[in-house]
Every structure is written in structure tokens, then in C-alpha cells.
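One structure is given below, encoded as C-alpha cells.
The values are calculated or read from the model by the stated rules, or taken from the named source; none is laboratory data. Quick caveat: nothing in here was measured; it's all calculated off a predicted structure. As a convention, Cβ positions derive from the backbone with ideal geometry for all residues, glycine included, and neighbour counts pool all protein chains shown. Quick note on the areas: whole protein, heavy atoms, side chains included, nothing else; ligands and nucleic acids left out. Shrake-Rupley method; radii C 1.70, N 1.55, O 1.52, S 1.80 Å.
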Amino acid sequence: MLSLQNILSSSTLNLKKGDRVFKQGESVNSIYYITQGRVKLVRNTLEGTPIVIHVAYAGEGIAEASLFSDEYHCSALVDANTKIAAFSKVELLKYLQNNPNSMMDLLKQLTYQVRDLRMLNEIKSIYSAEDKVLTYLATKGSKDFDSRLSLKDIAQKIGMAHETFYRTLKVLENKGEISRDGNQIKLIN
């Protein structure tokens, strides 16, 4: 998130699975950046049913959607041991107002996130497991794919059970459509 840790003061949160970063409806005081771990963003429906709307990983910000809101629109639940940098919303907004280049950098990051979320929604709507996996790999922009995410994280991100994802990778490898070496996946076609 803009390398803000070198520019703005922040506090570091060391959290464990099950901890909550913020709760839906609470006042927005901070914007967060995950430096290690994984956080689920969960929204409660009108009936009170929790729905996971996004899973954020190390290298991603959370609560940017609340930068211009008074309340958090969802809850952030820690899904693994996690380290987070917390930035003051007020301090961040002042900084961005006075630094248009940084504002443009943030805008660029947010537009990439919108594009990626739209791509993930498209992938989640694909019925065939093989097509779903091939589409995800193809959209990463390279024939060689080496993700910072574990295979289990990728499965969760594209809406597949990890067992189904692993089997699908094996099927695609046997068909000669991909080659694998650990977490490195190469599209053959």
C-alpha cells in the first residue's frame, strides 16, 4: 500500500487465527496493510448470516473501501497468524491530499484490485474445474506462474475446495496442459 510504512506512522498488530481486526459497523479510524498472514473480510446479511466477501493476503491492504466512510462495511477476521500495519485514516487522508503522486499511486492500486476482483468473480462463475484453473492461470499474465500464495490459498481465492484444485492440477499436468515444480506452474499451450 504505497510503501506507507516509510512515510506515515503506523502501529504493528500481531494477531492469531480467530482474532478480529475490526467489526462491521464500527467507526473507521484505521486503514490496514497485511505484512504477513491472511484476513477474511466477512459481511453479515440482513438476516445475520456471515458471508466471506474477500480473503486478503500478505501484501494487500484492507479497509481501503472505508477510506471515505464513517463505518466499516464488513468485519475483518484473522485466518492465520498475521502481522498488520495500522495507519490512521485521518493522517493517511491528509497525506494523500498533499501528495498527488501518492494519491495517483493509490488510485492505480485500487483500480488493479477492482480489475482482479472482477476477474475472480468471472472465474468463480465457470462451472468446469479445469476451465476455472486454466482461466485463473492465464489471467496472471505469464506462461510461467510462481505465486506468493500457497496452492491452498489459490484454491480458496478461486472458489474451489483445495482437494478439487489439487486433483485438477494433476489432471491438467497429465493432459500436458501445464507443468509443475512445487508452487511454480507453467502453462504449456
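Structure above, values below:
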item	result
The chain: angle of helix 129-139 to the longest principal axis, Cα-based, in degrees nearest 10	60
Between 0 and 90°, nearest 10: helix 89-98 axis offset from the chain longest Cα axis	90
1.4 Å probe accessible area per residue over the stretch 51-189, in Å²	56
Residue-averaged [θ]222 nm for the chain, counting only DSSP H segments that reach four residues, each worth -39500 (n - 2.57)	-11000 deg cm²/dmol
The chain - percent relative contact order, Cα under 8 Å, separation 6 or more	21
Distance violations [Cα-Cα > 19 Å] among LYS124/LYS152; LYS17/LYS83; LYS23/LYS124; LYS17/LYS152	LYS23/LYS124
Per-pair calculated FRET efficiency, R0 = 30 Å: THR139 and GLU26 via Cβ, rounded to 0.05	0.30
With Cα atoms, 0 to 90° folded angle of helix 162-174 axis to the chain main axis	40
Potential extension, THR111-SER11 segment - 0.36 nm per residue separation minus Cα distance	33.4 nm
Listed values [x] 18.1; [y] 18.8; [z] 23.0, entry calculated as Kirkwood radius over Cα pairs in Å	[x]
